[in-house]
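Please read the structure below before turning to the comments.
The values are calculated or read from the model by the stated rules, or taken from the named source; none is laboratory data. Keep in mind that what you see is a predicted model, and the values were worked out from it rather than measured. Neighbour counts run over all protein chains shown; Cβ positions are idealised from the backbone, glycine included. Calculation scope for accessible area: heavy atoms of the full protein, side chains included, ligands and nucleic acids excluded. Shrake-Rupley method; radii C 1.70, N 1.55, O 1.52, S 1.80 Å.
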Amino acid sequence: MTDPSLLPILLVPDTRLRAKAKPVAAASGDAIRALSDRMLATMYAAPGIGLAAPQVGEMLRLVVIDLQKEESRDPLVLVNPEIVAESAETATREEGCLSLPGQYGEVTRPARVKVRYLDLSGAKREIEGEGLLAACLQHEIDHLDGVLFVDYLSALKRNMLLRKLAKELKLKDRH
Ligand code: NI
């Protein structure tokens, strides 16, 4: 029943989620294309709107995003993404993460960002995002440096959420 193209998503507290990912080498085109295809399939199946390679145990600077507006697919693959500009103005939205299933928190981040990245053909690209896209870009790029959305919450809220997750995963394990 399980689709073999799907990758298992690492969950907190897996230490790989806290490690810094390495830049993708220019030469690894085909492998990166295959990995990004599997990451997209895994993200759609989850379902989610973004996934970073470290979340599937690949310690590479690779992110896939698809906000799936109006339920139509428009996948974005970002190789070696880097935030090159961000607005002083901030925005607060509720965030969740496939590595912390069922947990949500209000995160404040720059409202707009500009991201430089390589596409799958190795071409230099830039994307500017605001709203949900800005939050998603920042959330996924954070994953490449071992940063999770809970790191932006108060210690009290963060610990509460992590305890709740641990409890829920333990219960799930038992069934
Ligand atoms: Ni996440």
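Within the stretch 55-105, considering only strands (runs of 3 or more DSSP E) that don't extend past its boundaries, which have at least 2 residues that are at pLDDT 95 or above and open to solvent by less than 20 Å² (accessible area, probe 1.4 Å)?
Values: elements: 62-65, 76-86, 90-95.
Ranges flagged: 62-65, 76-86.
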*Unmet criterion (only one of (1) open to solvent by less than 20 Å² (accessible area, probe 1.4 Å); (2) within 27 Å of Thr15 (Cβ to Cβ); (3) assigned to a strand (DSSP E or B)) for Val113*: (2)
*Does Gln138 satisfy the condition of being within 12 Å of the ligand (Cβ to nearest atom), open to solvent by less than 40 Å² (accessible area, probe 1.4 Å), farther than 30 Å from Gly29 by Cα and out of contact with any Ser or Thr (no Cβ under 9 Å at 6 or more places or on another chain)?*
no
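Are any residues in the stretch 145-155 touching a strand residue (DSSP E or B) at 6+ places or on another chain (Cβ under 6 Å) and more than 10 Å from the ligand (Cβ to nearest atom), and if so, which ones?
If the condition is that a residue be touching a strand residue (DSSP E or B) at 6+ places or on another chain (Cβ under 6 Å) and more than 10 Å from the ligand (Cβ to nearest atom), then Tyr152, Leu153 are the ones that fit.
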_Looking for something open to solvent by 70 Å² or more (accessible area, probe 1.4 Å) and aliphatic (A, V, I, L, M) - is there at least one such residue anywhere in the stretch 6-26?_
yes
_Need the failing condition index for Lys164 against (1) surrounded by 13 or more Cβ atoms within 10 Å (Cβ to Cβ); (2) within 24 Å of Pro75 (Cα to Cα), just the number._
(2)
*Among the residues of the stretch 14-37, count how many are within 14 Å of the chain's Cα centre (by Cα), assigned to a helix (DSSP H, G or I) and charged (D, E, K, R).*
2
*Given the conditions (1) out of contact with any Phe, Trp or Tyr (no Cβ under 9 Å at 6 or more places or on another chain); (2) open to solvent by 40 Å² or more (accessible area, probe 1.4 Å); (3) assigned to a helix (DSSP H, G or I), which single one is not true for Arg158?*
(1)
*Report whether or not Gly102 is in contact (Cβ under 8 Å) with a residue 24 or more places away in the chain, among the small types (Gly, Ala, Ser), in contact with a strand residue (DSSP E or B) (Cβ under 7 Å, 6 or more places away or on another chain) and within 16 Å of the ligand (Cβ to nearest atom).*
no
_With the requirement that a residue be under 20 Å from Ile127 (Cβ atoms) and either outside any strand (DSSP E or B) or of a type in the set (Val, Ile, Thr) (or both), what does the stretch 45-54 give you?_
Gly48, Ile49, Ala53
_the stretch 70-121, residues that are within 13 Å of Gln138 (Cα to Cα) and β-branched (Val, Ile, Thr)_ = Ile83, Val84, Thr90, Thr92, Val107, Thr108, Val113, Val115
*Working carefully through the options Arg93, Arg125, Arg112, find the one that is among the charged types (D, E, K, R) and within 15 Å of the ligand (Cβ to nearest atom).*
Arg93
